[in-house]
Amino acid sequence: MERKTIKKVVIIAELAIKEEILHIINEMKAPGYTLYEVRGMGEKGVRDFETTQLEYFKNIKFEILVDAELAERIVAAVVDNYFKDYAVIAYLEEVQILRQEKFRPRQN
Amino acid sequence: MERKTIKKVVIIAELAIKEEILHIINEMKAPGYTLYEVRGMGEKGVRDFETTQLEYFKNIKFEILVDAELAERIVAAVVDNYFKDYAVIAYLEEVQILRQEKFRPRQN
Amino acid sequence: MERKTIKKVVIIAELAIKEEILHIINEMKAPGYTLYEVRGMGEKGVRDFETTQLEYFKNIKFEILVDAELAERIVAAVVDNYFKDYAVIAYLEEVQILRQEKFRPRQN
Amino acid sequence: MNTLVNIALLNLVSPPILFFILGTIAARLKSDLDISAGLGKTLSLYLMLAIGFKGGVELSRSELSLTTLTALLTAAMLSFALPFIAYGFIRLTTKMDRIDAGAISAHYGSISLVTFVAGTAFLEMHAEHFEGFLIVMMVLMEAPPIISGLLLARQGLTAAKERHKPLFSPKLLREVFFGWTIFILLGSLLIGFLTGDRGMTDMAGFIGLPFIGFLCLFMLEMGLVAGRRLEELRTFGLPLILFGFYMPLVGASLGILAGLLIGLSPGGVTLLAILCASASYIVVPAALRHALPQANLSISIPLVLGVTFPFNILLGIPLYYYAAKLGWSVIRTG
Amino acid sequence: MNTLVNIALLNLVSPPILFFILGTIAARLKSDLDISAGLGKTLSLYLMLAIGFKGGVELSRSELSLTTLTALLTAAMLSFALPFIAYGFIRLTTKMDRIDAGAISAHYGSISLVTFVAGTAFLEMHAEHFEGFLIVMMVLMEAPPIISGLLLARQGLTAAKERHKPLFSPKLLREVFFGWTIFILLGSLLIGFLTGDRGMTDMAGFIGLPFIGFLCLFMLEMGLVAGRRLEELRTFGLPLILFGFYMPLVGASLGILAGLLIGLSPGGVTLLAILCASASYIVVPAALRHALPQANLSISIPLVLGVTFPFNILLGIPLYYYAAKLGWSVIRTG
Amino acid sequence: MNTLVNIALLNLVSPPILFFILGTIAARLKSDLDISAGLGKTLSLYLMLAIGFKGGVELSRSELSLTTLTALLTAAMLSFALPFIAYGFIRLTTKMDRIDAGAISAHYGSISLVTFVAGTAFLEMHAEHFEGFLIVMMVLMEAPPIISGLLLARQGLTAAKERHKPLFSPKLLREVFFGWTIFILLGSLLIGFLTGDRGMTDMAGFIGLPFIGFLCLFMLEMGLVAGRRLEELRTFGLPLILFGFYMPLVGASLGILAGLLIGLSPGGVTLLAILCASASYIVVPAALRHALPQANLSISIPLVLGVTFPFNILLGIPLYYYAAKLGWSVIRTG
Ligand SMILES: Nc1ncnc2c1ncn2[C@@H]1O[C@H](COP(=O)(O)O)[C@@H](O)[C@H]1O
Ligand SMILES: Nc1ncnc2c1ncn2[C@@H]1O[C@H](COP(=O)(O)O)[C@@H](O)[C@H]1O
Ligand SMILES: Nc1ncnc2c1ncn2[C@@H]1O[C@H](COP(=O)(O)O)[C@@H](O)[C@H]1O
Ligand code: NA
Ligand code: NA
Ligand code: NA
């Protein structure tokens, strides 16, 4: 089968901005997303605890498969709004898909 | 260290077809898999809830490291059988491994 | 935006060596990591159960974004120390990031 | 004296119902109040274990009579018949295709355990006894409607190969007969039956004392779940929404008639009515994902959870109880 | 007779406190003892539901008096005022900037539910009654300090646009008023109030009998959480650490004075002192992440959990109780 | 009168055992019945807390005697000795290498808490009292067999450097002494001891009333876990399977002898037998992953969980009790 190559946007952020990121995803009419509950460590310190007491130490990860153009816009939106004050990173990967239409921006 | 490049098959699907996908993996003698519990959104709507009440809104994600040839066959099997009726996507990535033999199809 | 390409080290291992891997990450001053709780199957058998009774059947996954040089050293350390006796795999991927400095080895 | 209004109000100010309402409000106001996934599963497990065990002990006290057998048979038959009625209503009043109509009708033929449990708590409040075998009746009502629902939906399958592939895949059978809900219900029932009153003394501190409290937690979650589904009803046509209201009434009426005919106690009649009125949102959807993947569950689920479940909990149960008592006294005096 | 020492010792050898200590030790020794995430959430949910419900039933027994209203008003005002005092201390004794100082002061103005619950358990041990509306007072003390804290922190914001953007984003308001803690507390309180003693008989087996046991589990987790934070205190200056000790004393003193003035019972005075002395580690941090993302929570959290919370649990509560009784007897006799 | 058969049957129809059987059946039939991860951990935590606390209270009532000390010493020694016996049997009857044989023997020297708890529930059923320090004995039996098991397995290590690296890595020591199971057991024991009867009145509603119910849930999960392991036994040779049956009998016999010698009560003797007969599936495997990573746990785990655990639960416990009573009466009369 011949494949198309599109982008996978990855955003790992503190739980506090989950809704904000979802908002960006919807605003930009991304065709979909996948969400993970993760733990980790980075510039903003260790965020790797199992207890639920401290919600603001939790991390989530978004993966969004989209065309390169939209990918850039999503990353830009996250970087501009949240990199300064929040625990968050964003990066891009390339993935090979089968049916490109499935990953086009939503029309509605 | 010199690396070999192999494929990573990624399948994100509704929980309902977990066993079916495991069946494909075993049938095709894939050397292994890694399984995630995820949430998400796509063509088939939002599947992003924390409650367990509604099992059929849950998503799982499979990652399978295999050679290109087997990768194609796994993806094909999933697409042909489940893309029409079920919430599922599949794509490929390239990864660099150390010991290729570990990721050859099982013999038994 | 112009992007830099760096490495993503992926380590999937049995829970038993979580602290050992964290130790390597800290020793080598990796800038950060992301941790997943996963399940799976491989050479060392099936490690895909939902019960907590049997802690040693649990898997974790580390993702570490670093420059190529450090990536090699981390993988080497894991392979040398744990591949023989433990359930563990390691591989590399390429990712495109925005601000390289964020992923340089820690100085302190 | 217990007028319908009194009964209804008494129901509305009982802790479980109020926690259900609290949950709904929380969901509507988009509060971040949430029941952790694990807890949700644990609570269902607890309710089923408790209700099953109690029923078993109850059974161990009474000996198997003919009524029991007729009752069990009636239950299975009722649940098999209900989908045909439901299907008729849907096809007549909406433009829904055969597949989705069949799927929905299966939900309404089957039962909701929580509604049943709420019913038992309600009866306790009124010191109303009921037969232990009603739990068995409940279990027997889970599966049959899936079959009738599938038979109806099959007509809608275009691809001949799909229409003619065997109705029961082994997968479906396992799903239905070894599904965890049935397993834990029947299992606990059997254990309660075997250990009887001695077992009850051991278990009372677990399934007795804290029961209502656990039910409240569970109803709180149900409120959250129901509240979140309301959104999705927006896109539904009025006829379908109405179906969510009158179908339980139709089911309950049949349940009451049947219950009176086979000579159940007022409590028993009420519970049979509740079983017929309630609609499944766990067993049936799970089974349909395998047996009828073409069906669109995002129609049935919001309808069951957003309309029928709340209706039964808030108004249905007292209503059915009132009607059951009425019918019963009529027969008695007549 | 109950000397301060006796009271303090009696507190230290009560199961909840001992489990808290056990948890701390486990954390210090890096034991792999851990409370599963789900359980942690469930336990908080349980404590809030139980304490709220009990308070509601309590309220349903007494009729709304003027004291109640003044008490509620006092609570809100106290919690609004406390951050200004806290802020002053911090700015005077440390080099911390306005933003972080404001953030911390918000934590100390607000309250910790677990400390409050531990206080009620402590009072029960001393057969000391307290007013039901104290739970309402607690709820009213959660939000106001966030406002005063923000007002103070705002001064530190360099970017004019940040300084002048509205104080309350809708997001913040939802966070604060529909937050799950407040929701479950007020909701359960209301339900307890509506169902009264009848409701209590239903719920006693759930929120009564096993209460202390659940509290012990929860305190075990709190011990783990607190113990793990101790590490981070290493890097803190002495003045800040000390603040974590004397600020609760300051708060408690004000609480006791206010409590005596508005004529609360000894138990009520003690609880108000506890509320003023305790610092928030759930509601306030969550709110600040949105309203003041520039603030560095890795200063406030370790201070609240590593110093103030243990201090209140281990020594504060008995101390405040002793002082409250003393003050009360003085007034009485005087 | 209590013949062995009566005792055995009475055990088989007790709720915990029946729920264990239910779980096994569910697993065999591949039902999707499952205990959520969180619940599993919570249940173990609860059992350990409850059993530890009760033991502590028990201890606080009796004063430390010489019997206690000899008992504790005996327990540690027994558990250290058992692996040598187990190792001998395995090496004689199977072709297993030193490493795996040593690993398995460590499992059988150590203990299973759940089996112990089931034993206490069993004794309660027979109104049979036992000494509080038996919980301390249990704790003391967890670690020693790991040492003897390692000593035996070490012989099999080819690489000299591995064979001669210190037996106890700090990691292993922490794993063994600060492991969460030991921590919660000893901690709760100590707390129960310190708070005594007053503490018990506080905790009874949590660790007393619902205890059997929680045990049932736990046994349900154990049944699921055990049932799923049966599969893997297919590939095992008969000699190894048999070992899983007779080794507990060997252990129990030694336990009974020792128990009678040091003068334990019939209940105490039974529990010591149970401890010797039971095999570890939590502490030992976790420790071995670090101390002996070469060992293949997929041999020991199925054997312990699929054969020995069910055997002890279903038949062993009543048998050991019967033997203990017998031995005791012999001594008495003799
Ligand atoms: N170098 C890295 N590799 C992998 N994950 C990272 C890395 N840096 C940060 N993260 C993840 O992103 C989260 C936020 O990063 P930060 O804002 O740098 O604290 C962390 O908690 C990690 O989960
Ligand atoms: N564009 C996308 N990016 C990331 N994940 C996606 C995307 N589309 C679908 N998914 C995931 O795949 C699941 C099923 O997709 P769908 O069949 O399109 O509903 C969704 O619930 C998501 O978890
Ligand atoms: N071919 C593979 N594809 C994806 N994940 C794998 C693969 N092989 C192993 N894994 C993961 O790595 C873990 C340890 O692998 P192993 O040491 O081969 O048993 C497994 O439990 C899986 O989670
Ligand atoms: Na029905
Ligand atoms: Na305060
Ligand atoms: Na043993």
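Within segment D:88-114, the residues that satisfy the criterion of being polar (S, T, N, Q) and surrounded by 22 or more Cβ atoms within 10 Å (Cβ to Cβ) are D:Ser105, D:Ser110, D:Ser112. For segment D:144-160, which positions are in contact (Cβ under 8 Å) with a residue 60 or more places away in the chain and within 23 Å of the chain's Cα centre (by Cα)? If the condition is that a residue be in contact (Cβ under 8 Å) with a residue 60 or more places away in the chain and within 23 Å of the chain's Cα centre (by Cα), then D:Pro144, D:Pro145, D:Ile146, D:Ile147, D:Ser148, D:Gly149, D:Leu150, D:Leu152, D:Ala153 are the ones that fit. In segment D:28-48, which residues are surrounded by fewer than 21 Cβ atoms within 10 Å (Cβ to Cβ) and over 20 Å from E:Gly38 (Cα atoms)? Across segment D:28-48, the qualifying residues are D:Arg28, D:Leu29, D:Lys30. Does C:Lys61 satisfy the criteria of being assigned to a strand (DSSP E or B), modelled with pLDDT of 95 or more and either near ligand 3 (Cβ under 10 Å from one of its atoms) or closer than 23 Å to E:Lys30 by Cβ (or both)? The answer is yes for C:Lys61.
Evaluate segment F:75-93: report whether one residue or more is in contact (Cβ under 8 Å) with a residue 40 or more places away in the chain, assigned to a helix (DSSP H, G or I) and over 30 Å from F:Gly327 (Cα atoms). Yes, some residue in segment F:75-93 is in contact (Cβ under 8 Å) with a residue 40 or more places away in the chain, assigned to a helix (DSSP H, G or I) and over 30 Å from F:Gly327 (Cα atoms).
Here A:Gly45 meets each of (1) facing another protein chain (nearest Cβ under 7 Å); (2) under 19 Å from E:Ile35 (Cα atoms) with one exception, condition (2). Here D:Ala287 meets each of (1) among the small types (Gly, Ala, Ser); (2) more than 14 Å from chain B (Cβ to nearest Cβ); (3) in contact (Cβ under 8 Å) with a residue 40 or more places away in the chain with one exception, condition (2). Only residues that are closer than 19 Å to D:Thr24 by Cα, of a type in the set (Gly, Ala, Ser) and free of Cβ contacts under 8 Å to residues at least 12 places away in the same chain were counted in segment E:161-214, giving 0. Restricted to segment F:115-186, the set of helices (runs of 4 or more DSSP H) holding at least 1 residues that are surrounded by 19 or more Cβ atoms within 10 Å (Cβ to Cβ) and charged (D, E, K, R) comprises F:170-177. Evaluating C:Tyr36 against the criteria (1) in contact (Cβ under 8 Å) with a residue 40 or more places away in the chain; (2) assigned to a strand (DSSP E or B); (3) within 7 Å of another protein chain (Cβ to nearest Cβ) leaves one unmet condition, (1).
For segment F:273-284, the condition of being part of a helix (DSSP H, G or I), closer than 30 Å to F:Pro170 by Cβ and within 14 Å of chain E (Cβ to nearest Cβ) holds for at least one residue. When the test is whether a residue is over 13 Å from the mean Cα position of the chain (by Cα) and away from ligand 6 (no atom under 16 Å from the Cβ), A:Glu14 does not pass it. In this entry, F:Thr270 passes the filter for residues that are surrounded by 23 or more Cβ atoms within 10 Å (Cβ to Cβ) and among the polar types (S, T, N, Q).
In this structure, is C:Leu54 away from chain B (no Cβ under 14 Å), under 23 Å from B:Lys18 (Cα atoms), away from ligand 4 (no atom under 16 Å from the Cβ) and more than 10 Å from the chain's Cα centre (by Cα)? Judged against the criteria, C:Leu54 is a match.
Filter segment F:184-219 down to residues that are among the charged types (D, E, K, R) and under 30 Å from D:Met200 (Cβ atoms) and give me whichever is nearest to the other protein chains (Cβ to nearest Cβ).
Only one residue fits best here, namely F:Asp202.
The set of residues in segment F:208-262 being in a helix (DSSP H, G or I), surrounded by fewer than 23 Cβ atoms within 10 Å (Cβ to Cβ) and among the small types (Gly, Ala, Ser) consists of F:Gly208, F:Ser253, F:Ala258. Within segment C:68-108, the set of residues being of a type in the set (Lys, Arg) and either within 10 Å of another protein chain (Cβ to nearest Cβ) or within 19 Å of C:Ile12 (Cβ to Cβ) (or both) comprises C:Arg73, C:Lys84, C:Arg99, C:Lys102, C:Arg106.
Take the conditions (1) hydroxyl-bearing (Ser, Thr, Tyr); (2) within 30 Å of F:Ile25 (Cβ to Cβ); (3) modelled with pLDDT under 95; D:Thr120 misses just one of them, which is (3).
The values are calculated or read from the model by the stated rules, or taken from the named source; none is laboratory data. What you see is a predicted model; the values in this text were computed from it and never measured. Cβ atoms come from the backbone with ideal geometry, glycine included; neighbour counts cover every protein chain shown.
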